[in-house]
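Scroll down for the structure; my scribbles are underneath it.
The values are calculated or read from the model by the stated rules, or taken from the named source; none is laboratory data. Bear in mind that the values here come from a model prediction, so they are computed numbers and not experimental data. We place every Cβ from the backbone using ideal geometry, glycine too, and count neighbours over all the protein chains shown.
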Amino acid sequence: MNLNLKSTTAALLVLAGPAFADMEAAQSFLDSEIGDVSTLTREEQEAEMQWFIDAAEPFQGMEINVVSETITTHEYESQVLAPAFTAITGITVNHDLIGEGDVVERLQVQMQSGQNVYDAFVNDSDLIGTHWRYGQAVNLTEWMSGEGSDVTSPTLDLEDFIGTEFTTGPDGNLYQLPDQQFANLYWFRYDWFNDEKNKADFQEAYGYELGVPVNWSAYEDIAEFFTGRDLSHLGVEGEVYGNMDYGKKDPSLGWRYTDAWMSMAGMGDVGEPNGLPVDEWGIRVNENSQPVGACVDRGGATNSPAAVYAVDKAIEWLQKYSPPSAAGMTFSEAGPIPGQGNIAQQMFWYTAFTAATVTPDLPVMNEDGTPKWRMAPSPHGAYWEEGMKVGYQDVGSWTILDSTPMDRAKAAWLYAQFVTSKTVDVKKSDVGLTFIRESTIQSEHFTERAPRLGGLVEFYRSPARTQWSPTGTNVPDYPKLAQLWWQNIGDAMSGAKTTQAALDQLCEDMESVMERLERAGVQGDLGPVLNEEQDAQYWLDQPGAPKPALENEEEEPQTVSYDELIASWN
């Protein structure tokens with residue numbers, strides 16, 4: 001986080017406190033922090049701020065507590081927007097920043113105890129299946145037209161949000177409001193790929209052009225080509241690697257797989273935003289959206305041949321083509337490594353790292369401020385087919401639980417709308433590069449900034465972005481099920497178990513949780529109803545997932561020119 005973001009005015013605002021809960025404080029904020037970095041005119045900004053001042057009047061002097069994970073976007077909210085909101089409205093906001101796993105844990109504590117731990121949470125829309133089934137999250141559709149109508153902004157403009165399809169339950173109701181959004185994409189060294197010597201040598205070695213890989217076979221060839229390659233003719237010193245990843249047995253290892261790695265391989269069914277009836281976790285649901293199994297013998301795909309292929313490839317590439325230290329790294333430790341200048345490509349790169357990877361003094365940046373790297377759509381594996389999702393999109397979203405007292409919930413809802421408002425969204429996106437509004441993506445500001453962001457703006461303006469989506473509604477209890485992934489796949493990554501054995505245990509553990517939910521009946525008619533076990537071959541013979549093993553999992557490698565790809569989007 002660049003501490004300069006916390007402007008002098010913002011610091012003064014928080015010191016001023018509720019006494020400045022008027023338009024004077026709002027104008028100071030708009031002058032010092034927003035300026036013309038907004039899709040709204042100054043007159044429209046002031047009108048939006050006036051609404052917040054008026055709506056917050058019954059809650060002046062209140063102190064509320066909200067929480068989110070620690071990423072650049074939320075640091076900006078906590079350090080700049082929360083103090084501004086406090087000064088403008090008279091509602092003091094304590095915006096805590098903690099690890100993503102801790103956010104889920106505290107959300108779970110509040111759901112189980114009924115005690116108000118936080119007045120609002122920014123938690124991933126991956127929990128939409130949990131929120132919809134348990135009925136403990138405020139139904140925002142009903143809230144905005146009912147109890148929360150007096151604190152719902154007339155300029156909220158839900159249709160402008162690009163992620164609400166991911167925060168809407170099968171019942172058509174909105175349960176979470178998107179606050180930040182980022183995808184996992186393919187990252188590569190554009191300068192290395194366009195070097196004439198590299199292109200000629202690759203063509204000679206593999207018989208096709210070096211370019212953005214369309215499938216995993218091409219990715220593997222490129223990883224092999226660059227690993228250990230002498231790039232001194234480009235001024236690159238030190239060992240070069242064709243892949244970057246992480247493998248430590250840690251909660252973040254679970255995200256590595258549930259965040260759509262399995263769908264990229266082709267494990268689940270066709271369907272957007274998620275495979276149906278079998279999703280990217282391998283969970284099958286019936287026609288009523290009730291989970292019926294995760295193991296192949298119940299119609300799931302978590303331990304299917306495609307799932308084994310997905311994990312085996314990740315392990316193989318980690319061992320053969322990555323820095324030796326990568327196997328002992330977590331998500332956050334591995335994130336900055338490509339920016340250090342010795343990685344050729346990364347299949348699984350979160351765009352949340354963009355802000356940190358465009359720092360001017362990095363070896364992956366040109367002197368003119370443009371990056372030497374680009375991001376592009378992720379390649380897909382041998383089991384993937386047209387119409388399947390091909391990547392993950394994180395949608396951190398505001399969630400209010402029913403256990404929060406009404407006045408505190410209303411005050412928190414005002415803050416949630418403030419930090420996602422059109423007045424601040426372009427500036428917030430400028431800092432964190434985690435887009436949530438179509439108007440921001442299409443703004444002149446980001447048209448001008450696009451050449452310095454390595455393809456991020458082009459991706460979000462393209463039709464391709466719809467193939468990237470969060471965890472869907474098949475997952476009945478995200479907190480309970482997510483922890484099983486890193487624990488079991490960690491055994492495969494470390495070699496303690498074969499991949500098949502680890503995935504067999506994983507799907508059995510998932511079904512044990514679902515069986516307990518079924519017996520307890522806590523999710524009513526929406527909860528799991530497990531299928532009877534059958535011979536696995538019965539399900540492998542059925543259309544769709546789980547899919548039988550391919551005779552040859554090595555596809556004909558295919559690449560595409562990055563520049564032609566971008567031109568096709570435009």
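Could you tell me whether the range 116-124 includes any residue that is of a type in the set (V, I, T) and farther than 16 Å from A411 by Cα? No, the range 116-124 has no match at all. Taking the criterion of being of a type in the set (F, W, Y) and farther than 30 Å from I128 by Cβ, the residues of the range 527-570 that qualify are Y538, Y562.
Scanning the range 340-385 for residues that are out of contact with any strand residue (DSSP E or B) (no Cβ under 9 Å at 6 or more places or on another chain) and not in a loop (DSSP other than H, G, I, E, B) gives Q340, A355, A356.
When E209, E220 are screened for being surrounded by fewer than 24 Cβ atoms within 10 Å (Cβ to Cβ), on the phi < 0 side of the Ramachandran plot, part of a loop (DSSP other than H, G, I, E, B) and touching a residue at least 24 places away in the same chain (Cβ under 8 Å), only E209 passes.
Considering each residue of the range 233-242 in turn, at least one proves to be within 27 Å of S469 (Cα to Cα) and buried (at least 23 other Cβ atoms within 10 Å of the Cβ).
In the range 84-106, the residues that are in a strand (DSSP E or B) reach residues that are of a type in the set (S, T, Y) and at pLDDT below 95 with C-beta atoms within less than 7 angstrom, at least six apart or across chains, in these pairs: L97/T70; I98/T70. If you check P528, P543 for being buried (at least 18 other Cβ atoms within 10 Å of the Cβ) and at negative phi, only one passes: P528. Looking at the range 440-493, which of its residues are in a helix (DSSP H, G or I), small (G, A, S) and either closer than 24 Å to Y134 by Cα or touching a residue at least 60 places away in the same chain (Cβ under 8 Å) (or both)? Residues satisfying the conditions are A464, A482, G490, A492.
So that you can scan it fast, the table gives a plain yes or no per residue for (1) surrounded by fewer than 23 Cβ atoms within 10 Å (Cβ to Cβ); (2) among the polar types (S, T, N, Q):
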| residue | (1), (2) |
| --- | --- |
| A356 | yes, no |
| P363 | yes, no |
| G381 | no, no |
| G387 | yes, no |
| Q393 | no, yes |
| G396 | no, no |
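Taking the listed residues L12, L97, the one that is at pLDDT below 95, of a type in the set (A, V, I, L, M) and farther than 24 Å from D160 by Cα is L12, with no other qualifying.
Restricting attention to the range 70-99, and to residues there that are surrounded by fewer than 21 Cβ atoms within 10 Å (Cβ to Cβ) and acidic (D, E), which single residue is nearest to A355 (Cα to Cα)? Here the answer is E75.
Within the range 282-330, restricting attention to residues that are within 24 Å of the chain's Cα centre (by Cα) and at positive phi, the residue that is surrounded by the fewest Cβ atoms within 10 Å (Cβ to Cβ) is S289.
Being surrounded by fewer than 19 Cβ atoms within 10 Å (Cβ to Cβ), under 33 Å from the mean Cα position of the chain (by Cα) and either free of Cβ contacts under 8 Å to residues at least 12 places away in the same chain or under 19 Å from W373 (Cβ atoms) (or both) is a description that does not apply to D230. Checked against the criterion of being buried (at least 20 other Cβ atoms within 10 Å of the Cβ), touching a residue at least 24 places away in the same chain (Cβ under 8 Å) and in a loop (DSSP other than H, G, I, E, B), the range 140-156 contains not a single residue that satisfies it. Here is the figure for the range 172-185: residues that are at pLDDT 95 or above and either in contact with a Ser or Thr (Cβ under 6 Å, 6 or more places away or on another chain) or not small (G, A, S) (or both) total 9.
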